[in-house]
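The values are calculated or read from the model by the stated rules, or taken from the named source; none is laboratory data. These figures come from a predicted structure and were not determined experimentally. Every residue, glycine among them, receives a Cβ derived from its backbone with ideal geometry; neighbour counts consider all protein chains shown. Heavy atoms of the whole protein, side chains included, go into the accessibility calculation; ligands, DNA and RNA do not. Shrake-Rupley method; radii C 1.70, N 1.55, O 1.52, S 1.80 Å.
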Amino acid sequence: MNEFTPRTIIEPFRVRSVEPIHFTTADERREALEAAGFNPFQLRAEDVLIDLLTDSGTGAMSSRQWAGMMASDESYAGAASFYRFEAAVRDITGFKHVIPTHQGRAAEHILFGTLAKKGNVVLNNTHFDTTRAHVEHTGAEARDLLIPEGRDPKSPHPFKGNMDLVALESAIREIGAHRVPAILITVTNNSGGGQPVSMANIRGVSTIARKHGIPFFIDACRFAENAWFIRTREEGYAGKLPIDIAREMFALADGCTMSAKKDGMANIGGFLALNNDALATRCRNLEILTEGFPTYGGMAGYDLEAIAHGLYEALQPEYLEYRIGSIAYLGRKLTDAGIPIIEPTGGHAVYLDAGGIAPHIPPLEYPAWSVNNALYLTGGVRGVEIGTVMFGLQPDGTEKPASRELVRLAFPRRVYTQSHVDYLAEVIIEACSRAADLTGYRIVSESPVLRHFTARLEPIT
Ligand SMILES: *Cc1c(COP(=O)(O)O)cnc(C)c1O
């Protein structure tokens, strides 16, 4: 008998502990948003029905992870939980030295604090904002070298996170290899829409880095999602297991930084892993100063256990098919309804093109902010504006429109089901059908840096 091939991708788990979500009326949402200064960051999470603010640390853990946490070893030094964590990281990445940190940015702090200084330039496909901040904190420059297709929301390129290899070669020639302390590649490219990087591109970067004797690090936060895209989109990888693809990726690099709040499937944690002995010693010295003893590095033993299991769970094919499938499923429903999004959909989020949804709102009246607030008012959905409120304020206090007006809907891992996604599509389509009635916003008060977190706004009537 032929094997039955179902069309429906189901959640590859059953639910054994539930957390109620809170329903509100339209009046309650209007009141809550007004009290929050029309800033979704200031809402109480309890007033949100479907929370897509971020996929960072918001995932659900498995029964295996919880069991590991109960059996953790909380010894200050040399805990069994550390050795389980180290074995898992080594098994998957192949890197010799594993340095635990309390989250991804702490790994960046230690790496760049050890490696970079004023006059240096760090090269990356796209620096994530904390990565850029840590590079710049050392006085070095953070330069992005993404392929041009990566910036085009309609380009169908299968690997829109790829590094521009020609630009990389010429940047190294122009800067001088001795002033480039590291080349990074961010998989998937978070700031660029969760777009993947191909194995061929990682190999290309690795070859160039080795030719010039420059250390090559992977910003690995979504390494498992990237492995899935390689398997489904790159020739020669169709039958390969995600874990083997991940191992092949890491073998091309000298080390990685990782936020375990992403593909570590944990609520907190991270690590720095690398091969170079001398560099590892210097990193551990800085770690003791800022994170703690090198066998816990800012985490509890139970966090180390959760990550040790989580890294493997993130690589399970059934999980990745469901995860990437959920994002694509929402993307398809929206494009079928004529709603503009970044295409093709990436690994962890759907990005609405608010500039296309509400073209009547000028950039300095924050169209993406307005569309995001409309999602909340319509159906209790919280996303995040990636537009002029987030990026428009210049260091000299003036304001400039952001290059794009996006609303990011990031999916927590293993938290929502297909009916949640169906509901989401309904809310988005309903809110967009009334987009012509949306008004812009003005900022009433703001802080001089990272204003989007705390700004208070009001609708322009
Ligand atoms: C989240 C993230 C980081 C930082 O990790 P935290 O755990 O939030 O400190 C770095 N790089 C990328 C690509 C990320 O997505």
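Out of curiosity, is ILE428 more than 25 Å from the chain's Cα centre (by Cα) and more than 20 Å from PHE128 (Cβ to Cβ)? No: the conditions fail for ILE428.
Filter the stretch 59-81 down to residues that are in contact with an Asp or Glu (Cβ under 8 Å, 6 or more places away or on another chain) and in a helix (DSSP H, G or I) and give me whichever is farthest from the ligand (Cβ to nearest atom). That would be ALA80. Of all the listed residues (GLY331, GLY338), the sole one being more than 17 Å from VAL187 (Cβ to Cβ), outside any helix (DSSP H, G or I) and either out of contact with any helix residue (DSSP H, G or I) (no Cβ under 6 Å at 6 or more places or on another chain) or open to solvent by 10 Å² or more (accessible area, probe 1.4 Å) (or both) is GLY338. Residues in the stretch 144-162 that are within 16 Å of the ligand (Cβ to nearest atom) and among the basic types (Lys, Arg): LYS160 only. Could you say whether any residue in the stretch 93-103 is open to solvent by less than 50 Å² (accessible area, probe 1.4 Å), within 16 Å of the ligand (Cβ to nearest atom), assigned by TED's automatic domain parsing to the domain that holds ALA227 and of a type in the set (A, V, I, L, M, F, W, C)? Checked against the condition, which is being open to solvent by less than 50 Å² (accessible area, probe 1.4 Å), within 16 Å of the ligand (Cβ to nearest atom), assigned by TED's automatic domain parsing to the domain that holds ALA227 and of a type in the set (A, V, I, L, M, F, W, C), the stretch 93-103 yields at least one hit. Can you find, within the stretch 287-332, the residue that is nearest to GLU108 (Cα to Cα) among those that are in contact (Cβ under 8 Å) with a residue 40 or more places away in the chain and of a type in the set (Val, Ile, Thr)? Looking at residues that are in contact (Cβ under 8 Å) with a residue 40 or more places away in the chain and of a type in the set (Val, Ile, Thr), I get THR290.
Within the stretch 244-259, residues that are within 16 Å of the ligand (Cβ to nearest atom) have Cβ atoms under 7 Å from residues that are open to solvent by 50 Å² or more (accessible area, probe 1.4 Å) in these pairs: PHE250/GLY94; GLY255/ASN275, counting only partners at least 6 apart in sequence or on another chain. Across the stretch 281-312, the number of residues qualifying as of a type outside the set (Val, Ile, Thr), crowded, with 22+ Cβ neighbours inside 10 Å and in a helix (DSSP H, G or I) comes to 11. The set of residues in the stretch 1-51 that are assigned to a loop (DSSP other than H, G, I, E, B), over 26 Å from MET61 (Cβ atoms) and either open to solvent by 80 Å² or more (accessible area, probe 1.4 Å) or at pLDDT below 95 (or both) comprises MET1, ASN2, GLU3, PHE4, THR5, PRO6, ARG7.
Against the definition (assigned to a helix (DSSP H, G or I) and either open to solvent by 70 Å² or more (accessible area, probe 1.4 Å) or at negative phi (or both)), how does HIS360 come out, yes or no? No. Tell me, please, whether a residue that is away from the ligand (no atom under 13 Å from the Cβ), closer than 24 Å to HIS127 by Cβ, in contact (Cβ under 8 Å) with a residue 12 or more places away in the chain and open to solvent by 10 Å² or more (accessible area, probe 1.4 Å) can be found in the stretch 266-274. Looking through the stretch 266-274, none of the residues is away from the ligand (no atom under 13 Å from the Cβ), closer than 24 Å to HIS127 by Cβ, in contact (Cβ under 8 Å) with a residue 12 or more places away in the chain and open to solvent by 10 Å² or more (accessible area, probe 1.4 Å). Restricting the stretch 104-143 to residues that are of a type in the set (Asp, Glu) and away from the ligand (no atom under 12 Å from the Cβ), the residue that is surrounded by the most Cβ atoms within 10 Å (Cβ to Cβ) is GLU141. Annotation note: of LEU111, LEU146, LEU115, the sole residue that is farther than 16 Å from ARG284 by Cα and either without any contact (Cβ under 8 Å) to a residue 60 or more places away in the chain or among the aliphatic types (A, V, I, L, M) (or both) is LEU146. Just one residue in the set ARG210, ARG222, ARG233, ARG203 is in contact (Cβ under 8 Å) with a residue 60 or more places away in the chain and more than 15 Å from the chain's Cα centre (by Cα); that residue is ARG233.
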